[in-house]
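**Q** Have a look at this one before I ask anything.
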Amino acid sequence: MKRLYKVVAAFLAGALVTVLVVRLGGHAASDPGMAFQNAREMILSDLDGNRLCFLDLVSSGGETCCLFFRLNQCYSCIFRGMEDLKLLQQQEKNCFAVAVHDSIEDVRGWLTHESFHPVYVMSRAAFLRHVTCRSLPVIVRLEKSRVIHCEYPVP
């Protein structure tokens, strides 16, 4: 019986350490399963309705950071991700956000109080067709159009 208590105590201690690291560190662990299929065919729209290819936004020389999010998800997680991108922009990194939504008008209205830019829109169908990831929101770090790391922002 004492052995069972020790095993349970060790498990709970490990779980507590994991939660503290994620909460205090600000980001969940990297997800190696993040992938893009046919990235050349990924079309985004800016808030004016102009269409762009995803790969045209990814810098060829350095690192690019992209936040993918849905409007109806954890708002504090989304805004934490946008704040992280603002800090990276100050370090001269190429950064942008992609709202996975079918209406540019909805995204434009949703972003009225947010100062981060640029923000692009990708339809839900296109996202499901081209992107594989565990959950949203997610910050993806790309280098030469290859995923090198991804983080899930937490408040």
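**Q** What is the residue count in region 129-155 for residues that are more than 20 Å from Gln73 (Cα to Cα) and without any contact (Cβ under 8 Å) to a residue 40 or more places away in the chain?
**A** 1
**Q** OK, next. If Leu88 satisfies all but one of (1) out of contact with any Leu (no Cβ under 7 Å at 6 or more places or on another chain); (2) at pLDDT below 90; (3) of a type outside the set (S, T, N, Q), what's the number of the condition it fails?
**A** Evaluating Leu88 over (1) out of contact with any Leu (no Cβ under 7 Å at 6 or more places or on another chain); (2) at pLDDT below 90; (3) of a type outside the set (S, T, N, Q) leaves (2) as the failure.
**Q** Could you figure out which of (1) out of contact with any Pro (no Cβ under 8 Å at 6 or more places or on another chain); (2) modelled with pLDDT under 90; (3) surrounded by fewer than 15 Cβ atoms within 10 Å (Cβ to Cβ); (4) among the small types (Gly, Ala, Ser) isn't true of Gly26?
**A** Status for Gly26: all satisfied but (1).
**Q** Okay, moving on. Return the residue satisfying two criteria in turn: it lies in region 129-143 and is in contact with a strand residue (DSSP E or B) (Cβ under 9 Å, 6 or more places away or on another chain) and surrounded by fewer than 16 Cβ atoms within 10 Å (Cβ to Cβ), and of such residues it is farthest from Arg40 (Cα to Cα).
**A** Checking each candidate, the answer is Arg134.
**Q** A follow-up question, please. Between a residue in region 97-126 that is of a type in the set (Gly, Ala, Ser) and any residue that is modelled with pLDDT under 90, which pairs come within a Cβ distance under 7 Å, given they are 6 or more apart or on different chains?
**A** The qualifying pairs are Ala97/Phe116.
**Q** Take region 36-62 and flag every residue that is closer than 16 Å to Val100 by Cβ and of a type in the set (Gly, Ala, Ser).
**A** Passing the criteria: Ala39, Ser45.
The values are calculated or read from the model by the stated rules, or taken from the named source; none is laboratory data. All of these numbers come straight from a predicted model, not from anything done at the bench. When we count neighbours, we look across all protein chains shown, and the Cβ atoms used for this are built from the backbone with ideal geometry, even at glycine.
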